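Encoded as structure tokens, the structure appears first; notes follow it.
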Amino acid sequence: QVHLVESGGGLVQSGGSLRLSCAASGSIPSVEAMGWYRQAPGKRRELVATITIGGMINCADSVKDRFTMSRDNAKSTVYLQMNSLKPEDTAVYYCNLETWSGTYWGQGTQVTVSS
């Protein structure tokens with residue numbers, strides 16, 4: 001089994017920062033990419049940022065100037081540094097792991113940005 005444990009969500013004022021972490025553990029098949037998606041109330045889940053096994057980062061236009069993604073291969077962990085947060089960034093953020101055998105999701109962590 002694959003386990004994804006997310007942390008770092010919370011409540012922050014507009015303009016503030018948060019750092020999300022996602023640690024993967026278990027019997028992990030060959031990884032293709034790992035990253036973050038988010039889903040706001042009444043909206044579809046959308047890509048925030050992902051990083052491939054080769055290090056290529058794909059980032060949504062709405063966050064690319066404010067969010068930074070990084071990883072620690074030794075810890076099987078990815079991070080999302082979120083700066084200059086806006087109320088429209090409020091959502092549940094889900095960790096995503098793409099492997100050759102399937103897709104895995106974390107349980108999600110709530111990020112709330114107050115105006």
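Remark: pairs (first residue in the range 82-108, acidic (Asp, Glu) and open to solvent by 10 Å² or more (accessible area, probe 1.4 Å); second residue in a loop (DSSP other than H, G, I, E, B) and at pLDDT 95 or above; Cβ separation under 9 Å; 6+ apart in sequence or on different chains) = 88/40; 88/62. Look at the range 1-20: where a residue is closer than 15 Å to residue 112 by Cβ and a partner is open to solvent by 70 Å² or more (accessible area, probe 1.4 Å) and part of a strand (DSSP E or B), sitting 6+ places away or on another chain with Cβ atoms under 8 Å, you get 8/19; 9/110; 10/110. The set of residues in the range 42-53 that are farther than 14 Å from residue 94 by Cα and in a strand (DSSP E or B) comprises 51, 52.
Here the range 43-53 is the region considered, the condition is being modelled with pLDDT of 95 or more and not hydrophobic (A, V, I, L, M, F, W, C), and the residue that is most open to solvent (accessible area, probe 1.4 Å) is 44. In the set (1) among the β-branched types (Val, Ile, Thr); (2) assigned to a strand (DSSP E or B); (3) open to solvent by 20 Å² or more (accessible area, probe 1.4 Å), the condition left unmet by residue 78 is number (3).
Please verify whether residue 20 is outside any strand (DSSP E or B) and open to solvent by less than 30 Å² (accessible area, probe 1.4 Å), treating the condition exactly as stated.
It is false that residue 20 is outside any strand (DSSP E or B) and open to solvent by less than 30 Å² (accessible area, probe 1.4 Å).
How many residues are in contact with a helix residue (DSSP H, G or I) (Cβ under 9 Å, 6 or more places away or on another chain) and either more than 17 Å from residue 92 (Cα to Cα) or part of a strand (DSSP E or B) (or both) if we restrict to the range 25-41? Quick ask: steps written out before the conclusion?
Keep residues of the range 25-41 that are in contact with a helix residue (DSSP H, G or I) (Cβ under 9 Å, 6 or more places away or on another chain), which gives 38, 40.
Remaining after also requiring either more than 17 Å from residue 92 (Cα to Cα) or part of a strand (DSSP E or B) (or both): 38.
Residues meeting the conditions: 1.
Looking across the range 81-115, just one residue is under 13 Å from the mean Cα position of the chain (by Cα), small (Gly, Ala, Ser) and not in a loop (DSSP other than H, G, I, E, B), and that is 91.
Please verify whether residue 62 is touching a helix residue (DSSP H, G or I) at 6+ places or on another chain (Cβ under 9 Å) and either among the small types (Gly, Ala, Ser) or in contact (Cβ under 8 Å) with a residue 40 or more places away in the chain (or both), treating the condition exactly as stated. Yes; evaluated as a whole, the condition is true for this residue.
For the range 54-75, a residue qualifies if it is at pLDDT below 95, among the hydrophobic types (A, V, I, L, M, F, W, C) and assigned to a loop (DSSP other than H, G, I, E, B), and exactly one does: 56. Report, by residue number, each residue of the range 65-75 that is open to solvent by 60 Å² or more (accessible area, probe 1.4 Å) and in contact with a strand residue (DSSP E or B) (Cβ under 8 Å, 6 or more places away or on another chain). 68, 71, 75 - these are the residues of the range 65-75 that are open to solvent by 60 Å² or more (accessible area, probe 1.4 Å) and in contact with a strand residue (DSSP E or B) (Cβ under 8 Å, 6 or more places away or on another chain).
The values are calculated or read from the model by the stated rules, or taken from the named source; none is laboratory data. All of these numbers come straight from a predicted model, not from anything done at the bench. FYI the Cβ positions are ideal-geometry reconstructions off the backbone, even for glycines, and counts take in every protein chain you see. Note: accessible area is taken over every heavy atom of the protein model, side chains too, but ligands, DNA and RNA are not part of it. Shrake-Rupley method; radii C 1.70, N 1.55, O 1.52, S 1.80 Å.
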